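The values are calculated or read from the model by the stated rules, or taken from the named source; none is laboratory data. Computed from a prediction, not measured in an experiment: that's the story for all the values here. Methodologically, a virtual Cβ is constructed for each residue, glycine included, from the backbone with ideal geometry; neighbour enumeration extends over all protein chains shown. For accessibility, only protein heavy atoms count, side chains too; no ligands or nucleic acids. Shrake-Rupley method; radii C 1.70, N 1.55, O 1.52, S 1.80 Å.
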Amino acid sequence: MRNRTAWWMGIGSLVLVSFLANWASAEADSASNERSVQPGTLLKMARERLSEITSGDVASEQAGSDTEPQTIVFLALTRPTLPALMGIGHAKSVEKAVVAAADDLRSKATFAELAAGRLRIDIATTETDPAKIDNPHPLRVAALPYGPWFAKDSVLFMPAGFLDGAGDEDAESLTSGVRPYDYQSWIEAEDGSPVELYFGNRRKLGTSPEELMAAAEAGGDFLMRHMKLNGMFDYSYEPELNRNNDDYNLLRHAGTCIAMLELQKAVNDESMRTTGKLPESQIFLEGARRAIDYLRKNHTSGPLEKDKAADFLAIVEPDEGAKLGGAALMVLSLLREYEVTGDEQILDEARAYARFLVFLQEPDGHFISQYYYGEPDLFPHESIYYPGEAILALARLAKVDPKGPWLETAKRGTNWLIDVRDADKSDADLPHDHWLLMGLEEMAPQTDEPKFLKHAQRIANSICALQKKEAAYDDWIGSFYDPPRSTPTGCRAEAMAAMIRLAKFKQLDTDEYLAALKRMASFQQRCQVTPDNAIFLPCPEQAWGGFRRGLEEWEVRIDYIQHNMSGLLGLRGILVDSSNE
């Protein structure tokens, strides 16, 4: 069952007399297919009706007996800074219902809104109990992740599948007066052509380099809109309420800098490839520098007096703890900045944070997760991901500074993870440690360790095995968990991109990995807030480009954007490299 809690909070005190709607079902009956092949005509009809100086009388067109099939049409007009306007019509034929919906919308939209906005049409047909939908006003619209759910008084129009898997008690309480509907949804594309929607998203999403770059840039644009002048981000944003939450996380702040710099490098590389020069705008570099400087000025410290000889820098949390992962992500951010700018002074600072990683490694290769400036925790946290972050940072630094202790420290840490942490784990139980797999890829040209390659393959193969290749809902394909979430998929996409690069370096087959990565990319894009799926939000353009927690939740957080951007850019880079081979 798709998440019921989220919509219940969104609807508030609505008393349900619900009827299910099969939203853009691929198995629509022949009558539905007959309707669906004319979306362009219907959208054109609606736009022309809206543009007319006067409207005809459609009251007689909507009349019909209680036994005749009825069609309901919801017609929405998008607005970038406000929720879409909505008109509703019902009649015996879809064409007449479209006209009625357009006439309803005429009293709400202005000339400017019609000229600038796009139309969305949602068509529902029923053969039962049409009397209860006569004059379905006033209309309430809930801006929920699947797209709009329409409510009139105590009646809720909802997608099919909503009750799949519900317990008997839940189903009984939610299905009083159920009436089956078949829904089809379309929206005007930028050029005016109709685009079919599936649970609020475009049914067909591409994975071309251009489409992946567009999605990544939209994510970067979101981050820039949600960055404060001091370099902090709006850490968590709730699009359905148009408000920011007060939480913050310094590690995710640092990780977001990495993704922004990866994006800037991709933009620069593409500009050089196509025009032979760098783009004038370096907006993502500027934003990342501001965010890095925030960490540098507000959360960086050297060692305590007793550890002064270690001469390191660390990212210090408000609780006076410095996490292994914080310094590792700072190293990775600085190295990405160095890749974009070529400024070698950056490397001195990266080395200082890297010395903290070396300091926290024990002789057997195990990394301690945290360093304490105040009282240590009674039960120290052992992170599953910090060691992989440290290994990746050290391996990447070793490429540009091969004389340092970085590679040997990374190798010792990797050996501990393989031989101790993961030693007795089956492939099914193996952590999908994307940071470690990325580190293994970085070490491949620097060291020839057969077990490193074998472990990378184990992680990648486990990811492939657990990925959804079939699902009850088409938009779950490519994902992980029930219900699926965007960030676990984005992290695994980063891992899979690294595995493909590693396999190519080792001259191994990549077909299975590439197919898995493309499936992930399709799911990731469905979790991105777009001008198509955001039209009923309070301020749609404020949410555009953000990656939400999942298909069923609106929350956008900076680490959701980070991992999904990096995963999409990883696939894009592989496709571009393949086209140049």
The range 75-93 residues that are under 17 Å from ARG49 (Cβ atoms) and open to solvent by 20 Å² or more (accessible area, probe 1.4 Å), paired with ones that are modelled with pLDDT under 85 and polar (S, T, N, Q) (beta carbon under 8 Å, 6 or more apart): SER93/THR71
Among the residues of the range 196-236 satisfying the criterion of being aliphatic (A, V, I, L, M) and modelled with pLDDT under 95, which is surrounded by the fewest Cβ atoms within 10 Å (Cβ to Cβ)? LEU205
Checking the structure you have, find out if any residue of the range 259-270 is at pLDDT 95 or above, polar (S, T, N, Q) and not in a loop (DSSP other than H, G, I, E, B). yes
From the list GLY219, GLY206, which one is outside any strand (DSSP E or B) and either within 18 Å of ASP293 (Cβ to Cβ) or touching a strand residue (DSSP E or B) at 6+ places or on another chain (Cβ under 8 Å) (or both)? GLY219
Could you list all residues from the range 547-556 that are crowded, with 24+ Cβ neighbours inside 10 Å and either at pLDDT 95 or above or of a type in the set (Asp, Glu) (or both)? PHE547, ARG548, VAL556
The number of residues in the range 115-124 that are more than 30 Å from the chain's Cα centre (by Cα) and open to solvent by less than 70 Å² (accessible area, probe 1.4 Å) is 0
Within the range 366-425, how many residues are modelled with pLDDT under 95 and in contact with a Pro (Cβ under 6 Å, 6 or more places away or on another chain)? 0
Looking at (1) of a type outside the set (Lys, Arg); (2) in a helix (DSSP H, G or I); (3) over 22 Å from the mean Cα position of the chain (by Cα), which is the only condition THR487 fails? (3)
Restricting the search to the range 314-332, which residues are open to solvent by less than 50 Å² (accessible area, probe 1.4 Å) and either assigned to a loop (DSSP other than H, G, I, E, B) or out of contact with any strand residue (DSSP E or B) (no Cβ under 7 Å at 6 or more places or on another chain) (or both)? GLU317, GLY325, ALA328, LEU329, VAL331, LEU332
Residues of the range 494-549 being assigned to a helix (DSSP H, G or I) and under 30 Å from PRO83 (Cβ atoms), in sequence order, are ALA521, SER522, PHE523, GLN524, GLN525, ARG526, PRO540, GLU541, GLN542, ALA543
Among the candidates ALA6, ALA46, ALA112, which residue alone is modelled with pLDDT under 85 and either within 27 Å of CYS539 (Cα to Cα) or under 34 Å from the mean Cα position of the chain (by Cα) (or both)? ALA6
Candidates TYR371, TYR386, filtered to the one that is under 24 Å from ALA497 (Cα atoms) and in contact with a strand residue (DSSP E or B) (Cβ under 9 Å, 6 or more places away or on another chain): TYR386
Please go through the range 437-448 and give me each residue that is open to solvent by 10 Å² or more (accessible area, probe 1.4 Å) and either of a type in the set (A, V, I, L, M, F, W, C) or not in a helix (DSSP H, G or I) (or both), ordered by number. MET438, ALA444, PRO445, GLN446, THR447, ASP448
Tell me the residue from ASN201, ASN230, ASN245, ASN249 that is over 19 Å from the mean Cα position of the chain (by Cα) and not acidic (Asp, Glu), please. ASN230
If you check ASP293 against the conditions, is it among the charged types (D, E, K, R), open to solvent by 30 Å² or more (accessible area, probe 1.4 Å) and more than 34 Å from the chain's Cα centre (by Cα)? no
Flagged in the range 229-265 as among the small types (Gly, Ala, Ser) and closer than 15 Å to ILE561 by Cβ, in numbering order, are SER236, ALA254, GLY255, ALA259
Evaluate the range 540-560: report whether one residue or more is out of contact with any strand residue (DSSP E or B) (no Cβ under 9 Å at 6 or more places or on another chain), acidic (Asp, Glu) and within 30 Å of LEU77 (Cα to Cα). yes
Given the conditions (1) in a loop (DSSP other than H, G, I, E, B); (2) touching a residue at least 40 places away in the same chain (Cβ under 8 Å); (3) open to solvent by 10 Å² or more (accessible area, probe 1.4 Å), which single one is not true for GLY365? (3)
Within the range 417-436, is there a residue that is out of contact with any Phe, Trp or Tyr (no Cβ under 6 Å at 6 or more places or on another chain), outside any loop (DSSP other than H, G, I, E, B), within 25 Å of PHE523 (Cα to Cα) and open to solvent by less than 30 Å² (accessible area, probe 1.4 Å)? yes
The lone exception for PHE356 - which of (1) closer than 20 Å to LEU394 by Cβ; (2) of a type in the set (Phe, Trp, Tyr); (3) surrounded by fewer than 16 Cβ atoms within 10 Å (Cβ to Cβ) it fails: (3)
Can you name every residue in the range 450-480 that is touching a helix residue (DSSP H, G or I) at 6+ places or on another chain (Cβ under 8 Å) and either at pLDDT below 95 or aromatic (Phe, Trp, Tyr) (or both)? PHE452, ASP475, TRP476, PHE480
Among the residues of the range 192-245, count how many are out of contact with any Phe, Trp or Tyr (no Cβ under 8 Å at 6 or more places or on another chain) and closer than 25 Å to GLU552 by Cβ. 19
